[in-house]
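The values are calculated or read from the model by the stated rules, or taken from the named source; none is laboratory data. Keep in mind it's a predicted model, so treat the numbers as computed, not measured. Ideal geometry is used to build each Cβ from the backbone, glycine not excepted, and the neighbour counts take in all protein chains shown. Each accessible area value is taken on the protein alone, full model and side chains, heavy atoms only, with ligands, DNA and RNA left out. Shrake-Rupley method; radii C 1.70, N 1.55, O 1.52, S 1.80 Å.
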Amino acid sequence: MRTVSPKALRSLAVIVFCFLTAFMLLILPFKTSSRSSVSGHGHHVSQPEDNIDWSRFAYIQYATNTAYLCNSVMLFETLNRLHSKPERLILCPTTFSVDGTEDSVESRLLRKARDEYKVILVPIEVQHRNADDGKLLFSLPIRIKSACTLC
Amino acid sequence: MDELFLLPQCPVAIPRAYWLNFDDRVMSSLLVLIQPSEFEFNRVQKAIDAAGSRDYDMEIINNLYKDSALVIPHRPYALLTGEFRSHNHADWLGNDIQAWEPGEILKEAKFLHFSDWPIPKVRVSH
């Protein structure tokens, strides 16, 4: 039985669902504001979004291979272009280097995500789980190596 | 899609797999809104460990959350690319009255997921 430290467990609580989607994860707020509307006098009443601390929430992409990473970067480009407010994270294998001297596709994509689209990069170790016939069922992170701002 | 963060609190919010039979109440894992929780993490980890040879992410998500998840409306948050080759769009539209206008539907959609069986997923060749 694999053991995971309590700190890693809290971190993994954030990312455990990542393997369940190849695409987008959103983090729920811990509070919600009541809805408001424009008053009869035409004055704009404060909308819930004006008082939200968006840094408490994040879009997360789980990119365990190059194709997924490419897709993830495309998604973050869109979010960046649309001025999306929550944080942005990419969970990627520790084997993907972001070293500035590295010229691999993965490295260039990760640096692009980080430098142009304000994405936080979170290296993870990936566990693969195969079906009985050897086909890959899914891959999932079992540990993160660097701090996750949401944990 | 930032507005999704303002939904009521719930461990998991997911859309319906609208392309499947609604009577089977299958939920999709293409978009998952989660509230981080050690309790839920442990449940999911247990489900992974017990997963059978044909249990993918959708099976696990459905087994755990089909009856308790908040439902994100599939229209406009979970459009499949395969919808554009479909002949009957009532399941996406939510009614069988509205005309199918692909340009308008694409503009309306907030999230597009590539799934167009039998066309395989995109792969990068090295």
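Would you kindly give the portion of the calculated P(r) for chain B that falls above 22 Å, as a percent of all Cα pairs?
Every Cα pair in chain B considered, those over 22 Å come to 44 percent.
When all alpha-carbon pairs of the range A:51-133 are counted, what percent fall beyond 14 Å?
Pairs farther apart than 14 Å: 62 percent.
How crowded by other chains is B:26-37, given as the mean number of beta carbons from other chains within 10 Å of each beta carbon?
6
Could you give log10 I(q)/I(0) at q = 0.13, 0.17, 0.20 Å⁻¹ for the range B:59-100, computed by the Debye formula over C-alpha point scatterers of equal weight, without solvent?
At q = 0.13, 0.17, 0.20 Å⁻¹ the computed log10 ratios are -0.39, -0.62, -0.76.
Simple spin-label model, 7 Å along Cα-to-Cβ: B:Tyr56 to B:Arg25 in nm?
For the pair B:Tyr56/B:Arg25, the computed spacing is 2.3 nm.
At what distance in angstrom do the alpha carbon centres of the range B:75-126 and the range B:1-21 lie from each other?
The two parts, judged by their Cα centres, are 17 Å apart.
Counting each DSSP H run of 4 or more residues in chain B as -39500 (n - 2.57), what helix-only mean residue ellipticity at 222 nm follows after dividing by all residues, to the nearest 500 deg cm²/dmol?
Mean residue ellipticity at 222 nm (helix-derived): -7500 deg cm²/dmol.
Packing-wise, with mean Cβ within 10 Å as the measure, how do A:57-67, B:67-77, B:109-119 rank, highest first?
Ranking, from highest mean packing down: A:57-67, B:67-77, B:109-119.
Kindly compute the accessible surface that chains A and B hide from a 1.4 Å probe when together, both sides summed, and give it to the nearest 100 Å².
Chains A and B together bury approximately 3800 Å².
Suppose a student asked you for the relative contact order of chain B, using Cα pairs under 8 Å spaced at least 6 residues apart; what percent would you report?
26 percent
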